[in-house]
Amino acid sequence: MVSALTIAAAMSALSAALLVVLAGVWIREYRSVRTPLILGMVAFILVMLLESSVALYFYVATMETLYVDDPFVRNLIAVLRSLQFVALLLFTSVSVR
């Protein structure tokens, strides 16, 4: 059985990959339109990418979380990371069209 920590790490890695794609799309858009709203989107995406990368580092390098060792909390983290991935998948899908 796959652990909640492994699921959370996989979701963080997939989210980071989607965020790289989103950053490319929105940076290209900013270069053509140059509006503050799009610049804000780029900044938001880069902060989310940093957060996902730091979380992934702790999952992989230490096999621990930034949070606690309680199994309930680990399962909750896996669910939240999965929801984040689904949200980013939808956002990426809409952005690349």
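Values quoted throughout were computed directly from the atomic coordinates according to the rules given, and no laboratory measurement underlies them. What you see is a predicted model, and the numbers here were worked out from it, not measured in a lab. FYI the Cβ positions are ideal-geometry reconstructions off the backbone, even for glycines, and counts take in every protein chain you see.
What the table shows:
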item	result
Test: residue in the range 68-84 that is over 25 Å from M1 (Cβ atoms) and of a type outside the set (A, V, I, L, M, F, W, C)	no
Matching residues, the range 33-42, being loosely packed, with under 12 Cβ neighbours inside 10 Å and not basic (K, R)	V33, T35, P36, L37
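For (1) among the hydrophobic types (A, V, I, L, M, F, W, C); (2) surrounded by fewer than 19 Cβ atoms within 10 Å (Cβ to Cβ); (3) touching a Pro at 6+ places or on another chain (Cβ under 6 Å), each residue gets a yes or a no:
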site: S12; (1), (2), (3): no, no, no
site: A17; (1), (2), (3): yes, yes, no
site: L22; (1), (2), (3): yes, no, no
site: R28; (1), (2), (3): no, yes, no
site: R31; (1), (2), (3): no, yes, no
site: F44; (1), (2), (3): yes, yes, no
site: V47; (1), (2), (3): yes, yes, no
site: S52; (1), (2), (3): no, no, no
site: A55; (1), (2), (3): yes, no, no
